[in-house]
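Everything below concerns the one structure shown next.
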Amino acid sequence: MKSTIIEGVEYKLTAIEKENKTVALFILTMPKNNSWNGKWTGEGNLYAYSQVAFRRGKPIYSNLKEGNFYYDFGDGWVANVEVRYVTPSESKKIMRKSKGFCGYTWMCDEIMKLGRIRTVTERRADNVQTS
């Protein structure tokens, strides 16, 4: 039986023949924070988001790649979004244990569309232009 490890927790996965890795799984962590006790209140929980990334064997998002994407909020907090491709069954199993994505799905949207998360400076510049 296959398994995958996310945030130090091993999830056993059932084998399904001929199932391709067509889903992008996004895992959120806060590796750096500026809290009074040095801990993120969500530490130890699984925060995941998934999106179909391939249809008929072709990528839906041309800029989407596996890897780690960091976002520095500029106030001592840094988020990491890890992207990995999984099968639909793996995604379903992992998503059942997820506590949501803490309102940061916009980071996933940017990774899918741009292949990265825009910086604070880029985000502020966009807000000034649209005002």
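The values are calculated or read from the model by the stated rules, or taken from the named source; none is laboratory data. Fair warning: this is a prediction, and the values are worked out from it, not measured in the lab. Cβ: placed from backbone, ideal geometry, glycine included. Neighbour counts: every protein chain shown. Areas reflect the complete protein model, heavy atoms only, side chains present, ligands, DNA and RNA absent. Shrake-Rupley method; radii C 1.70, N 1.55, O 1.52, S 1.80 Å.
Here is how the numbers come out for the structure above:
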{"read-out": "Positions within segment 93-105 being loosely packed, with under 13 Cβ neighbours inside 10 Å and either small (Gly, Ala, Ser) or in a helix (DSSP H, G or I) (or both), in sequence order", "value": "Gly103"}
{"read-out": "Total residues in segment 83-106, condition under 14 Å from the mean Cα position of the chain (by Cα) and under 18 Å from Val52 (Cβ atoms)", "value": "10"}
{"read-out": "Subset of segment 49-76 [open to solvent by less than 80 Å² (accessible area, probe 1.4 Å) and farther than 17 Å from Glu110 by Cβ]", "value": "Val52, Phe54, Gly57, Gly76"}
{"read-out": "Residue check for Asp109: assigned to a loop (DSSP other than H, G, I, E, B), acidic (Asp, Glu), more than 21 Å from Ile5 (Cβ to Cβ) and out of contact with any Asp or Glu (no Cβ under 8 Å at 6 or more places or on another chain)", "value": "no"}
{"read-out": "Residue match in segment 35-46 (condition: under 12 Å from the mean Cα position of the chain (by Cα) and either open to solvent by 50 Å² or more (accessible area, probe 1.4 Å) or without any contact (Cβ under 8 Å) to a residue 60 or more places away in the chain (or both))", "value": "yes"}
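Quick grid of which residues meet (1) within 16 Å of Arg84 (Cα to Cα); (2) at pLDDT 95 or above; (3) in a strand (DSSP E or B); (4) among the hydrophobic types (A, V, I, L, M, F, W, C):
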site: Glu10; (1), (2), (3), (4): yes, no, yes, no
site: Lys18; (1), (2), (3), (4): no, no, no, no
site: Lys21; (1), (2), (3), (4): yes, yes, no, no
site: Phe26; (1), (2), (3), (4): yes, yes, yes, yes
site: Met30; (1), (2), (3), (4): no, yes, yes, yes
site: Lys39; (1), (2), (3), (4): no, no, no, no
site: Glu43; (1), (2), (3), (4): no, no, no, no
site: Leu64; (1), (2), (3), (4): yes, yes, no, yes
